[in-house]
Amino acid sequence: MSERRLISSGSTFEREIGYSRAVVDGDWVHVSGTTGFDYSSMTISDDVVAQARQCWLNIDAALREAGAGVGDVVRVRYLLPDAADFEPCWPVLREWLGDVRPAATMQVCGLSDPRMRIEIEVTARRRKGGNLGWPS
């Protein structure tokens with residue numbers, strides 16, 4: 001039977017809504033849509049690029065707790081309310097995933113809080129000796 005483990009970031013959203021930051025199922029790590037909130041202070045920047053950077057810090061922490069790293073990401077989804085906000089984030093996205101180059105999708109959609117300007121969701125597959133490095 002596969003190992004199934006829940007990972008929490010301590011975000012109040014997880015408790016209030018009823019989900020986990022990530023779920024480890026065997027070698028697979030499914031990281032929930034992650035926004036630019038700094039979960040330690042529950043604050044969020046107004047700047048979309050700063051939010052993208054914080055998303056990756058949050059995702060990286062969840063992956064590390066799962067025994068994986070950004071180098072193990074095989075799928076990424078970017079969700080933004082405003083398509084014009086995507087291109088300014090590209091340097092941050094390239095910094096984190098430039099060498100990894102997972103399958104990717106960008107979707108324009110509403111997010112649950114108007115302060116949120118980007119949400120990022122990833123799926124990773126843990127490998128023996130996987131790349132835990134930050135960023136590429």
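What the table below lists for this structure:
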| read-out | value |
| --- | --- |
| The stretch 34-104: equivalent-ellipsoid semi-axes (sqrt of 5 x gyration tensor eigenvalues, Cα, Å) | 19, 17, 9 |
| Alpha carbon convex hull of the chain, projected area averaged over orientations, nm² | 7.9 nm² |
| Cα-only Debye scattering, the stretch 1-76: base-10 log of I(q)/I(0) at q = 0.15, 0.20, 0.22, 0.28 Å⁻¹ | -0.51, -0.86, -1.01, -1.38 |
| Amide proton proximity set for residue 9, modelled H, under 5 Å, gap of 5+ | 21 |
| Portion, in percent, of the accessible area of the stretch 1-132 that falls on carbon or sulfur, probe 1.4 Å | 49 percent |
| Structure-based [θ]222 nm, the chain - -39500 (n - 2.57) summed over DSSP H runs of at least 4, per residue, nearest 500 | -7000 deg cm²/dmol |
| Nonlocal amide H pairs with residue 117, under 5 Å, H built at 1.01 Å | 36 |
| Rel. contact order, % - alpha carbon contacts under 8 angstrom, at least six apart, the chain | 30 percent |
| For the chain: accessible area per residue (Å², 1.4 Å) | 53 Å² |
| Charge context of residue 121, other residues only, Cβ under 13 angstrom, K/R +1, D/E -1 | +2 |
| Net charge, residue 44 excluded, C-beta distance under 15 Å - Lys, Arg +1, Asp, Glu -1 | -3 |
| ³J(HN,Hα), Karplus 6.51/-1.76/1.60, whole Hz, each residue of the stretch 42-56, x for Gly, Pro | 6, 10, 9, 6, 7, 8, 4, 5, 5, 5, 4, 4, 5, 3, 5 |
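The values are calculated or read from the model by the stated rules, or taken from the named source; none is laboratory data. Values in this document were obtained by computation on a predicted structure and should not be read as measured data. Don't worry about glycine lacking a Cβ; one is built from the backbone with ideal geometry, like all the others, and counts go over all protein chains shown. Areas reflect the complete protein model, heavy atoms only, side chains present, ligands, DNA and RNA absent. Shrake-Rupley method; radii C 1.70, N 1.55, O 1.52, S 1.80 Å.
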